[in-house]
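Structure record follows, encoded as structure tokens.
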Amino acid sequence: MSYIWHDGKMVPKDEAMVSVFDHGLLYGDGCFEGIRAYGGRILKLKTHLARMFESAALIHLKPAYDFEEIEDAIRATVDANGIEDGYIRLVFTRGVGTLGLHPFRCPTPGTFIIADRIQLYPEELYEEGMKVIVAKRPRIPIECLDPRIKSLNYLNNILAKVEAIEAGVLEAIMLNTDGQVAECTGDNIFAVKGDRIFTPATSTGILHGVTRRFVMREIAPACGFEVDEDVFGIETLLEADEVFLTGTAAEVIGVSRIDDSVIGTGRMGEVTRRLVAEFRRRIAEGCPED
Ligand code: PMP
């Protein structure tokens, strides 16, 4: 039996229901986190919670529970579902309100936590690298929606994902409205040229990925690399020796092809291989929760 933590109670999965008047559903008004558990520990839990509470603050949503209460609830949900290695989804919705947009007519935000098994990318993609496309649809500009908000409204990314699916691949690179590389529909992006690793600056309008930060601050330095934040167009990626993606679900994964262009050798590059190995080593040796 699976359990969902819902507004302070652990309830069987089939009984976890959200009202049709919840603005999370009516308007995508809310925020969420995707988090991984490895060996019963929760990778970068504190960083995910900090981003969640920042998302909530940026949408003027006052969470119904504090940081420690949510942390305890996440651990309780993982335990209740007997999850050692899995995926956790934490969601704050605006709550039940009237049919108008007015967020402050929703007195109590909804809170729920799901802990489940995770569907991973096939292991061979970590050797071969992933094929991706460049989406035609640009990323919503920062001026319209601050990408630090991991909001419940993912239609911009979903429609770019549909472009990927229609092209027969799993991910799409999204450019911003100035034509600069931003990120993918559910992953951040990096490139390697010579001994330099670089990734789009947050000013390009990207989610401030937790895995991106882990790679920049811990994984790459441990492998002897610094990572630069930069602003660049798609040609720079096409000319790179290696391109790789980072994300909670994907971890670190190489890109073999962008549209019709082969990247580097067309297989996972040497730098990416070292980063993947270091990432996996850290998870195996205790999975940092901070
Ligand atoms: N960009 C977007 C748009 C995302 O949705 C995600 C998370 N799936 C990422 C990047 C990667 O972020 P994180 O490493 O925090 O999972």
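Please treat every number below as a calculation from the coordinates, not as lab data. Values in this document were obtained by computation on a predicted structure and should not be read as measured data. Positions of Cβ are generated from backbone atoms using ideal geometry, with glycine treated the same way; all protein chains shown enter the neighbour counts.
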Return the lysines within reach of K193: Cα separation strictly under 23 angstrom, same-chain partners fewer than 8 residues apart disregarded; answer none if there are no such residues. K131
Excluding exposed DSSP-loop GluC sites (Glu not before Pro) (at most 15 other C-beta within 10 Å), longest clean stretch of the chain: 1-83
Max mean-square fluctuation residue, GNM over the chain, Cα-Cα springs under 10 Å, options G82, G224, G269: G224
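Provide the net charge surrounding R213, with neighbours chosen by a C-beta distance below 10 Å and charges set as Lys +1, Arg +1, Asp -1, Glu -1. Spell out each step's value before the answer.
On the way: positive: K44, R51, R212, R217; negative: E218.
Residues close to R213 contribute a combined charge of +3.
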Whole-Hz couplings from phi, Karplus 6.51/-1.76/1.60, listed for the range 194-201; x for Gly and Pro: x, 9, 9, 10, 9, 8, x, 5
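Within 10 Å of each candidate Cβ there may be at most 16 other Cβ atoms; applying that plus a DSSP loop requirement, which trypsin sites (Lys or Arg not before Pro) in the range 50-119 survive?
R117
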Per-residue HN-Hα couplings for the range 84-98, Karplus 6.51 cos²θ - 1.76 cosθ + 1.60 at θ = phi - 60°, whole Hz, x for Gly and Pro? 9, 10, x, 10, 10, 10, 10, 10, 10, 9, 5, x, 6, x, 7
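On average, how much area does the Cα convex hull of the range 125-284 cover when viewed from any direction, in nm²?
Quarter of the Cα hull surface area: 8.5 nm².
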Most mobile of H208, H102, H23 in a GNM of the chain (Cα contacts under 10 Å): H102
May I ask you to list the lysines whose Cα is less than 25 Å away from that of K136, ignoring any residue fewer than eight positions away on the same chain? K150, K161
Sequence-distant or interchain residues sharing an amide H contact under 5 Å with S19, placed H: which? none
Springs between alpha-carbon pairs under 10 angstrom, Gaussian network model over the chain: which of R212, R137, R196 fluctuates most? R196
So how far, in whole Å, is the C-alpha centre of the range 159-232 from the one of the range 1-51? 26 Å
Expected-Rg normalisation [2.2 N^0.38 Å, Cα atoms] applied to the range 1-149: 1.16
